[in-house]
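Colleague: I have a structure here, written as structure tokens, and I will follow up with some questions on it.
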Amino acid sequence: MWLKNLFKSVVIGLPVGITLVDTVGYVARVEGISMQPVLNPESTNTDYVFLSRWAVRDFSVRRGDIISLVSPKDPNQKIIKRVVALQGDVVNTLGYKNQFVKVPEGHCWVEGDHTGHTLDSNTFGPISLGLINAKAVAIVWPPDRWQNLQSHLPANRKPVAHAI
Amino acid sequence: MTILRTIGKTCGFLGYAFQYACVTHCTFEYVGDFVMCSGPSMEPTLETNNILVTEHITPRLQMLRRGDIVIARCPTNPKQNICKRVTALPGDKVKRNFPRKSQYVPVGHVWLEGDNSSNSADSRVYGPVPYGLVRSRVLCRVWPLDKVASLTE
């Protein structure tokens, strides 16, 4: 009898859990140094962030937001970067094949905060908004790092020309 | 007492509705769903208002092959879905229209083209499409009834 109940809970509970993760958000571990100093300031500890799926349900992001997206090079991998420019903006790139790039329609330009130690749009170019997975809203672990993540763009990384 | 019973029944009903909504979400997101297509880009294989059955498992496992018809998010507008045929996989050489040049499909991308090559905005215009944008693979057409057909090769 208890086996049957357990089975029933799993059959119902699993889809409910997956749906909540898909629509509301989930907690993920940040790996790597590409977002230093905001995330993983020391390489010895790893931060856990809450990724909000709800915030990107209509693919709306703003400049400065930290987002997680499916890597364009490897669909199994998710990467976490900061949005630098939106469609129509002109960015001054750091080592991309063209010095100035106008971000095409439906795309955005993402960069890691740790310039020079990050694999971002300066390598693979502008990314399609459809690859955006979630928006990082807060660091939830470890407790002493508990904080909201600010939408912030360094002055020297502001787009050269803004679209309206 | 009747009010309490009514509230209890309503909650129970809402709970069931929620559970079924979740099961439906998971099925449509991870197993398969129905897609109605519109536009001329896949003629003569598919026409406007055809209803297709698609599955999400093959794209998730990255086992797409050349010739598969897939549903993907449009690279230039994520709210729109496109239905195209995979014509080349990473490493294949392809011809692009704008700018006119040939290139290799990069790792993690696929090359999508419509069957109606004279009237289709596809990879020849916007380049290789990241695998992460591919949502599902078309299995068969179920509507209109006189044109029910398998669409896999």
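The values are calculated or read from the model by the stated rules, or taken from the named source; none is laboratory data. Not measured: the values here are computed from a predicted model. Please note: Cβ atoms are built from the backbone with ideal geometry, for glycine as well, and neighbour counts cover all protein chains shown. These area figures cover heavy atoms from the full protein model, side chains too; ligands, DNA and RNA do not enter into them. Shrake-Rupley method; radii C 1.70, N 1.55, O 1.52, S 1.80 Å.
Colleague: Per DSSP H run of n ≥ 4, the term is -39500 (n - 2.57); total these for chain B, divide by its residue number, and report the mean residue ellipticity at 222 nm rounded to 500 deg cm²/dmol.
Modeller: -6500 deg cm²/dmol
Colleague: Treat every Asp and Glu Cβ in the protein assembly as shown as -1 and every Lys and Arg Cβ as +1, leave all other atoms uncharged, and give the resulting dipole magnitude about the Cα centre to the nearest 20 debye.
Modeller: Using Cβ point charges on Lys, Arg, Asp and Glu, the protein assembly as shown gives about 120 debye.
Colleague: Right, another one. Roll a 1.4 Å probe over the protein heavy atoms and report the accessible area of residue B:73 in Å², nearest 10.
Modeller: Looks like 50 Å² after rounding.
Colleague: Now for a separate question. Divide by every residue of chain A the summed helix terms, -39500 (n - 2.57) for each DSSP H run of at least 4, and state the resulting mean residue ellipticity at 222 nm, rounded to the nearest 500 deg cm²/dmol.
Modeller: -5000 deg cm²/dmol
Colleague: Could I ask something else about it? For the peptides A:142-153, A:103-114, A:35-46, what is the packing order when you average, over each peptide's residues, the other Cβ atoms within 10 Å and list the highest mean first?
Modeller: Highest mean packing first, the order is A:103-114, A:35-46, A:142-153.
Colleague: Please report how far the C-alpha centroid of the stretch A:62-101 lies from that of the stretch B:1-57, rounded to the nearest whole angstrom.
Modeller: 33 Å
Colleague: How big is the charge dipole of chain B about its Cα centre, in debye rounded to the nearest 20, if each Lys and Arg gets +1 on its Cβ and each Asp and Glu gets -1 on its Cβ?
Modeller: The calculated dipole for chain B is roughly 440 debye.
Colleague: Determine the order of B:69, B:51, B:7 by accessible area, beginning with the largest, at a probe radius of 1.4 Å.
Modeller: Largest accessible area first, the residues go B:7, B:51, B:69.
Colleague: Would you work out which of B:144, B:53, B:119 lies farthest towards the positive end of the dipole of the stretch B:2-150? Charges go on Cβ: Lys and Arg +1, Asp and Glu -1.
Modeller: Sorting the options by dipole projection puts first B:119.
Colleague: Collect residues whose amide H, placed 1.01 Å from N in the peptide plane, falls under 5 Å from the amide H of residue A:133; neighbours closer than 5 in sequence don't count.
Modeller: The answer is A:68, A:69, A:70.
Colleague: A further question on this structure: Mind giving me the FRET efficiency for residue A:3 and residue A:76? R0 is 45 Å, r the Cβ-Cβ distance, nearest 0.05 is fine.
Modeller: 0.80
Colleague: Partner chain Cβ atoms within 10 Å, averaged over the residues of B:118-131 - can you pull that number for me?
Modeller: Mean shielding by partner chains, rounded to a whole number: 2.
Colleague: Of A:27, A:127, A:67, which is farthest towards the positive pole of the stretch A:27-157's charge dipole, taken about the Cα centre with +1 and -1 on the beta-carbons of Lys, Arg and Asp, Glu respectively?
Modeller: It is A:127.
Colleague: Now, a different point. Between B:57, B:82, B:71, where does the largest GNM mean-square fluctuation fall for chain B, given springs only between Cα atoms within less than 10 Å?
Modeller: Most flexible of the set in this elastic network: B:57.
Colleague: I've got another one for you. When you look at the Cβ of every residue in A:55-64, what mean number of other chain Cβ atoms sits within 10 Å?
Modeller: Rounded to a whole number, the mean comes out at 1.
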